[in-house]
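Chemist: Sharing a structure here in structure tokens format.
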Amino acid sequence: MKSVFAFETPGEGTAYETTAKRLMMRLGSYEVFLRNAFGLTEVPKAVVWTSGDLARDVFGNVPIPAYTREDLIFMCPDQEEWKQIMFEQMDGVDLPEVRSFYESVGEAQLLDILAHELTHHLDLFPDDFEDERTDAIWFEEGMCFYLPRRHLLGDPYFKEVTATERTLYHELKNRYGKHPLDDFGAASYEGTLPSIMFDYWRSFLAVSELVERENGSAHAVFRKYNNWHEEGRELPLTEYFEIEI
């Protein structure tokens, strides 16, 4: 994959070149892992590094400045911008341990987000990028967080981010957790940032629980997921997996 810098003013991207190079090196090792362990065959042509504003309002129309398309990943490399996004998702609740995590996590969070976007390209997810995905998006989103957190970012990070997102989930579930997880879809992005992020947290927590049930085998979870797909998706996926969150 190539790195492409797309900023409004000349030289604006220079400040992020070293960060992008480090992230791409780590992403390359994760790509090899996905090819060997999960059958990744095709990857995007490039990562487009850009500002949060351009990612949200010019290249896309989404509230979060990182997303993937069939041939490109768009990613904001500004750690301070991501830190403010993470603070905003706390929705005004005073959570010192959560704030401390996001203040100190640094570049690992950028790698978490970037690797999440690459994981969407696994063939194990049967939906194509151009498909209108209206059901079970939670499984893909949750697994795209689980795999890099477990296999790239290391056990300490995995434990910390799991504890952080579990805290956020429990603190905000009375505000944003009244709809079924299976309803997570395109309409979710019309809400506030905390309401959007809430579904990402519980998607990750749900997938983590499913993998734990299979003694740590994400492959076993994928097999059940693909059986559900091949059987015609007759049940909501949470009901098929018998999981409530």
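Chemist: Scan (1) touching a helix residue (DSSP H, G or I) at 6+ places or on another chain (Cβ under 6 Å); (2) over 21 Å from residue 120 (Cβ atoms) for the single condition residue 221 breaks and write down its number.
Modeler: (2)
Chemist: Something else about it: Identify all residues within the stretch 1-28 that are more than 18 Å from residue 44 (Cα to Cα), of a type in the set (Ser, Thr, Tyr) and in contact (Cβ under 8 Å) with a residue 12 or more places away in the chain; write none if there are none.
Modeler: Once the filter is applied, which keeps residues that are more than 18 Å from residue 44 (Cα to Cα), of a type in the set (Ser, Thr, Tyr) and in contact (Cβ under 8 Å) with a residue 12 or more places away in the chain, the stretch 1-28 yields 16, 19.
Chemist: When you go through (1) in contact with an Asp or Glu (Cβ under 8 Å, 6 or more places away or on another chain); (2) modelled with pLDDT under 95 one by one for residue 204, which number turns out not to apply?
Modeler: Unmet for residue 204, out of (1) in contact with an Asp or Glu (Cβ under 8 Å, 6 or more places away or on another chain); (2) modelled with pLDDT under 95: (2).
Chemist: Contact list please: Cβ distance under 6 Å, first residue in the stretch 224-245 and within 10 Å of residue 135 (Cβ to Cβ), second residue small (Gly, Ala, Ser), pairs at least six apart or on different chains.
Modeler: Short answer, once both residue conditions are applied: 237/136.
Chemist: Hey, any hits in the stretch 161-180 for a residue that's modelled with pLDDT of 95 or more, loosely packed, with under 13 Cβ neighbours inside 10 Å and within 24 Å of residue 33 (Cα to Cα)?
Modeler: no
Chemist: Every residue in the stretch 60-72 that is crowded, with 17+ Cβ neighbours inside 10 Å and of a type in the set (A, V, I, L, M, F, W, C), please.
Modeler: 64, 66, 72
Chemist: Here's another thing I want to ask about it. Are any residues in the stretch 16-36 surrounded by 12 or more Cβ atoms within 10 Å (Cβ to Cβ) and either of a type in the set (D, E, K, R) or over 19 Å from the mean Cα position of the chain (by Cα) (or both), and if so, which ones?
Modeler: 16, 17, 19, 22, 26, 31, 35 - these are the residues of the stretch 16-36 that are surrounded by 12 or more Cβ atoms within 10 Å (Cβ to Cβ) and either of a type in the set (D, E, K, R) or over 19 Å from the mean Cα position of the chain (by Cα) (or both).
Chemist: Right, another one. If you check 111, 147, 124, which single one turns out to be assigned to a loop (DSSP other than H, G, I, E, B) and either at negative phi or surrounded by 18 or more Cβ atoms within 10 Å (Cβ to Cβ) (or both)?
Modeler: 124
The values are calculated or read from the model by the stated rules, or taken from the named source; none is laboratory data. For clarity, every value in this text was computed on a predicted model and none was experimentally measured. Cβ atoms come from the backbone with ideal geometry, glycine included; neighbour counts cover every protein chain shown.
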